[in-house]
Structures are given as structure tokens and as C-alpha cells.
Amino acid sequence: MFSVQQKTDIGELKQKILNKTATLGVVGLGYVGLPLAVEKAKAGYKTIGFDIQESRVDMVNKGINYIGDVINEDLEIIVDSGLLSATTDFAHVAKSDCVCICVPTPLDEHQQPDISYVKTSAESIVPYMHKEMLIVLESTTYPGTTEELLKPILESSGLKCGVDFYLAFSPERVDPGNLIYKTKNTPKVVGGITDECTEVAALLYESILEAPIHRVSSPAIAEMEKILENTYRNVNIGLVNELAILCHKMGINFWEVIDAAKSKPYGFQAFYPGPGLGGHCIPLDPYYLSWKAREYGFHTSMIESSMMVNDRMPEYCAERASKILNRYKKSINGSKILVLGVTYKQDIDDYRESPAIRVINEIEKLGAEVVYFDPFVKVYHEHGKVKKGEIELTSELIAGADLVIITTAHTKIDYSFVQQHAKMIFDTKNAMKIVMNRGNIELL
């Protein structure tokens, strides 16, 4: 006779969520974790943020914001009210009913997935786990991470997933700088180890967000869904980057080509070329998928081709800059170059994996003297290197450069002013599209 393992009654946890008497934890207080922690606290939950960086913890506990998508006043209010606090001490996990893991999933030096932050976070949670607890992983990762890596670590506590505690994956969908879609109103995908895990996680998000919650049948579906989102963008951006290079050789304005294609009301979605891919997701996630695919003897050839195109764009931009200067009898070696924008997308202060910084590095390798201006980043740090930006975009600064390269199309920059004073402009983002006099502008 087979014994049937009975799960504990999860009514208590569901009731705590419905009553908002549950205490919520967020591991990782970066671009994903802090906005999520703020929304949880704003929804009325007592929320504890966990981070290994004492500076972040101190700032949160003082109500000092360091993330662009968080409203300063919101953070101050929820900290002052006692709804949000932060700590480096994982012993406080014992007080939490639901914990979301929002830690980085970068690549290592060999371009292999580095899920050490997820692993370390889970191991830090284990000693303080208790029954009736929900754990949700939000960090983008390869399909199978939740079930193959996270579940065994958490079960080393002696508790059984789906019986004593609940485990799900719900990918973060943060889009820094997006003025319309924030953590609060972006739809959520949730996939649990069991149906009940899915329902408890979905109930939690429904109590916090003002957005639909899309339930899927497993964590792997939710993990693959997030990889699809970002690989889709990576591949399509790789396509338009390659076509931009071809169209330059053919003497065709590719930006006008895209505008024309957009006139079709169906069957076409516009993607735009640029100096490469940046941020923590789109440039990295396809590597996670390709790595996992090799486990099944599958070569993701199209995906890897797009990655190669995108990875080479900073070097290509440096080569184009050199050729532009050569046409004016200038060598790039010894030239003064002004780069406008070092963040990976417009109107944010995030320069993680920014292609603009790679463009600067490539140009400096060729012997140019490079200065930059970015209204959002006064200084950046990269692999031990510190580079300070110009404080003000003056006519003297622009006119003193042999070439101005636009790598990020910040809306705070007056491009007509730049065009009036620049000797020559290499516009990799079509930021100059509204400028009438285009004689000194060359597009990517």
C-alpha cells in the first residue's frame, strides 16, 4: 500500500497575505529589489530588505534613495512609518513569511553563467526557514534553476517543498527609466513547483501590484519566458545592427528605412541599431540560454550570431570614428573626442555593461584623448578604472573636440546646440533627427 504524503494546511499563510499581516523579505536591494520592497511596504506589509552591502542598508534605513525608479518621498514615508527596514543579518529571515530573491546573475570571466549570488542567498536563508514559508526567485536565470538548484538547497533545511514550504519563480521585468511601466503596473508571470506554490505566490503579487498575474505550469516555463523576452530583443537588435553596417556600405540611410517599414500597420516591430547592448539582462541572458542548450547537445546558432554582431558594435563604432577623422585629414591617434552619454539607455543613471563605455575604451586604445558628458553620470567606475565626466556641456567643450560621438540619446541634451558648435558628429542613436542642418552629422 502506498503512503500519501500530506501537505500542511497553508490556509494560515494565505490568510496572512489577505490580511497583510505577513512579513515580507527581499534579498538584494538593487534596481529590482528596492523598487519591489518599496511596493510591498506601500501595500501595507511590514517588509525587511536584505543586502550584503552595508552602504545600501544604511541608506535605506535613513530613507535615502539611490534608485532612479523609486520616488524619494515614498521611501522616506515607509521607512519613517516602520514598514520598511534593511539589514545585512539574514537571521531576520526567521521573521519573514515570504522572501523574494532579487540578486544579480552575471557572467563569469569565461562568459559562463554565474549564479553564485542565487546560491549564496539560498544558503543564507536555509538556517532560518520555517514551515508556511514562501520563497520566490526573481533573478533572471537559465530554465531549471529553481527546481534543479534552488529547491535542493532549500530542502537541506529538512523542510519539504510543496509540503512544508512553497517555492516559485517570477521573473523581474524592471525597465529602468520607463515612465509608463513600473514595478507596480507591469504584468507578472508566476510558476511554482506545485500548483499550490503557484497560487500562493500569485496571491502575494495580486495583493501588491496593480497588474495581471499570469500563472504558468512550472518554474521552467517562467524562467524560459524571461529568457525569450530578452533573447527576442537581442536577436532583433543584432539584425538591425548588421543591416545598419550593410546600409552604410551601400550609402543607404537605414534610419529612414526603419521609419518607412514602420508605416506597415502589421507584421513589423521596429528595433533600432546602436553602439551595442547594455544593461544587466539583454546582453547577458542569451549566454544563459546557449549554455543550457549545450547540455542538450543543441547549438543556438542564430542567437549566437546576433550576440557576435552586438558584441562587436563598440569596436565597429571606433573604426567608423577613425574613418570619419581620416576624411578630414586627422588621425584618431592624438585626436580629442567628446562622447555624449555613457549609460546603456537614455535618461537613466545605470551604466552597467554600457556599450558607450566600451566605445570609449576602444577609441582610447587607438590613441585618442576622450572626454565625456552625461547629465546622469558624473563619474563611472569600471574594472578598477575611474573616469570623471565634464560638469557642463559648453560651446568651448564641443568646439574643442575633433569629433563628437553620441552614444546615448539623453533628452536633457540640446542637440541643436551641439550641432551648432561641433566640427563633426558621429551619431550612433539618431539623436540628431530633429536637427535641420545636418552637414556635419554622420549616422551609424
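Listed by first and then second residue, the pairs linking a residue in the range 314-332 that is in contact (Cβ under 8 Å) with a residue 60 or more places away in the chain to a residue that is hydroxyl-bearing (Ser, Thr, Tyr) and not in a helix (DSSP H, G or I), with Cβ atoms under 9 Å apart and 6 or more places separating them unless they lie on different chains, are CYS317/THR407; CYS317/THR428; ARG320/THR428; ALA321/SER335; LEU325/SER331; LEU325/SER335.
Residue-by-condition table, conditions (1) aromatic (Phe, Trp, Tyr); (2) closer than 20 Å to ILE237 by Cα:
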position	(1), (2)
GLU304	no, yes
TYR316	yes, yes
GLU353	no, yes
LYS365	no, no
VAL370	no, no
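Of the residues making up the range 92-107, one or more are of a type in the set (A, V, I, L, M), over 27 Å from GLU295 (Cβ atoms) and either assigned to a helix (DSSP H, G or I) or touching a Leu at 6+ places or on another chain (Cβ under 6 Å) (or both). Any residue in the range 63-79 that is over 22 Å from the mean Cα position of the chain (by Cα), of a type in the set (D, E, K, R) and either surrounded by 19 or more Cβ atoms within 10 Å (Cβ to Cβ) or not in a helix (DSSP H, G or I) (or both)? Checked against the condition, which is being over 22 Å from the mean Cα position of the chain (by Cα), of a type in the set (D, E, K, R) and either surrounded by 19 or more Cβ atoms within 10 Å (Cβ to Cβ) or not in a helix (DSSP H, G or I) (or both), the range 63-79 yields no hits at all. Taking the residues in the range 192-213 that are among the small types (Gly, Ala, Ser) and not in a helix (DSSP H, G or I) as candidates, determine which candidate is nearest to VAL26 (Cα to Cα). Result: SER207. Annotation for the range 202-209: no member residue is under 20 Å from LEU289 (Cβ atoms) and either surrounded by fewer than 18 Cβ atoms within 10 Å (Cβ to Cβ) or free of Cβ contacts under 8 Å to residues at least 60 places away in the same chain (or both). In the range 230-238 there is at least one residue matching the filter, namely being surrounded by 20 or more Cβ atoms within 10 Å (Cβ to Cβ) and of a type in the set (Ser, Thr, Tyr).
Of the residues LEU36, LEU24, which is closer than 26 Å to CYS281 by Cα, touching a strand residue (DSSP E or B) at 6+ places or on another chain (Cβ under 7 Å), in contact (Cβ under 8 Å) with a residue 60 or more places away in the chain and not in a strand (DSSP E or B)? Let's see the steps before the verdict.
Values: LEU24 fails: not in a strand (DSSP E or B).
Of LEU36, LEU24, the one residue that is closer than 26 Å to CYS281 by Cα, touching a strand residue (DSSP E or B) at 6+ places or on another chain (Cβ under 7 Å), in contact (Cβ under 8 Å) with a residue 60 or more places away in the chain and not in a strand (DSSP E or B) is LEU36.
Quick one: is ASN241 among the polar types (S, T, N, Q) and surrounded by fewer than 20 Cβ atoms within 10 Å (Cβ to Cβ)? In short, no. On the basis of being over 19 Å from the mean Cα position of the chain (by Cα), of a type outside the set (A, V, I, L, M, F, W, C), buried (at least 20 other Cβ atoms within 10 Å of the Cβ) and not in a loop (DSSP other than H, G, I, E, B), does THR120 make the cut? Against the criterion (over 19 Å from the mean Cα position of the chain (by Cα), of a type outside the set (A, V, I, L, M, F, W, C), buried (at least 20 other Cβ atoms within 10 Å of the Cβ) and not in a loop (DSSP other than H, G, I, E, B)), THR120 does not qualify.
Answer yes or no: is there a residue in the range 173-183 that is within 24 Å of the chain's Cα centre (by Cα) and not in a loop (DSSP other than H, G, I, E, B). Even if it seems obvious, please write down each step before you answer.
Within the range 173-183, the subset within 24 Å of the chain's Cα centre (by Cα) is 173-183.
Filter once more, keeping what is not in a loop (DSSP other than H, G, I, E, B): none.
No, there is no match, as no residue in the range 173-183 is within 24 Å of the chain's Cα centre (by Cα) and not in a loop (DSSP other than H, G, I, E, B).
Scanning the range 10-35 for residues that are buried (at least 16 other Cβ atoms within 10 Å of the Cβ), touching a Gly at 6+ places or on another chain (Cβ under 9 Å) and either within 20 Å of LEU203 (Cα to Cα) or not assigned by TED's automatic domain parsing to the domain that holds THR183 (or both) gives GLY25, VAL26, VAL27, GLY33. Within the set LEU239, LEU228, the sole residue that is in contact (Cβ under 8 Å) with a residue 12 or more places away in the chain, assigned to a helix (DSSP H, G or I) and either more than 22 Å from VAL174 (Cα to Cα) or outside the structural domain of TYR142 (by TED's automatic domain parsing) (or both) turns out to be LEU239.
Starting from residues that are touching a Leu at 6+ places or on another chain (Cβ under 9 Å) and in a helix (DSSP H, G or I), keep the ones in the range 418-428 and report whichever is surrounded by the most Cβ atoms within 10 Å (Cβ to Cβ). Walk me through how you get there before you give the answer.
Within the range 418-428, the subset touching a Leu at 6+ places or on another chain (Cβ under 9 Å) is 418, 421-428.
In the following step, the residues that additionally are in a helix (DSSP H, G or I) were identified as 418, 421.
Values: VAL418: 24, HIS421: 17.
If we take residues in the range 418-428 being touching a Leu at 6+ places or on another chain (Cβ under 9 Å) and in a helix (DSSP H, G or I), then VAL418 is surrounded by the most Cβ atoms within 10 Å (Cβ to Cβ).
Just name the residue that is surrounded by the fewest Cβ atoms within 10 Å (Cβ to Cβ) out of those in the range 348-362 that are more than 18 Å from the chain's Cα centre (by Cα) and more than 13 Å from LYS336 (Cα to Cα). Can you show your working first?
Keep residues of the range 348-362 that are more than 18 Å from the chain's Cα centre (by Cα), which gives 359-362.
With more than 13 Å from LYS336 (Cα to Cα) added as a condition, the list becomes 359, 361-362.
On the way: VAL359: 28, ASN361: 17, GLU362: 21.
So the residue we want is ASN361.
Can you tell me which residue in the range 378-417 is modelled with the lowest pLDDT, limited to those that are part of a strand (DSSP E or B) and surrounded by fewer than 18 Cβ atoms within 10 Å (Cβ to Cβ)? In this case the residue turns out to be LYS385.
Quick one: in the range 363-376, which of the residues that are surrounded by fewer than 21 Cβ atoms within 10 Å (Cβ to Cβ) and out of contact with any strand residue (DSSP E or B) (no Cβ under 6 Å at 6 or more places or on another chain) is nearest to GLY177 (Cα to Cα)? Top of the filtered list is PHE376.
Within the bounds of the range 146-165, is there any residue that is free of Cβ contacts under 8 Å to residues at least 60 places away in the same chain, in contact with a Pro (Cβ under 6 Å, 6 or more places away or on another chain) and either within 30 Å of PHE268 (Cα to Cα) or buried (at least 23 other Cβ atoms within 10 Å of the Cβ) (or both)?
Filtering the range 146-165 for residues free of Cβ contacts under 8 Å to residues at least 60 places away in the same chain gives 148-159, 161, 165.
Those still in the list that are in contact with a Pro (Cβ under 6 Å, 6 or more places away or on another chain) too: none.
No, the range 146-165 has no match at all.
The values are calculated or read from the model by the stated rules, or taken from the named source; none is laboratory data. Just so it is clear, the model here is predicted, and its values are computed rather than measured. A quick note on method: Cβ atoms are made from the backbone with ideal geometry, for glycine too, and the neighbour counts reach across all protein chains shown.
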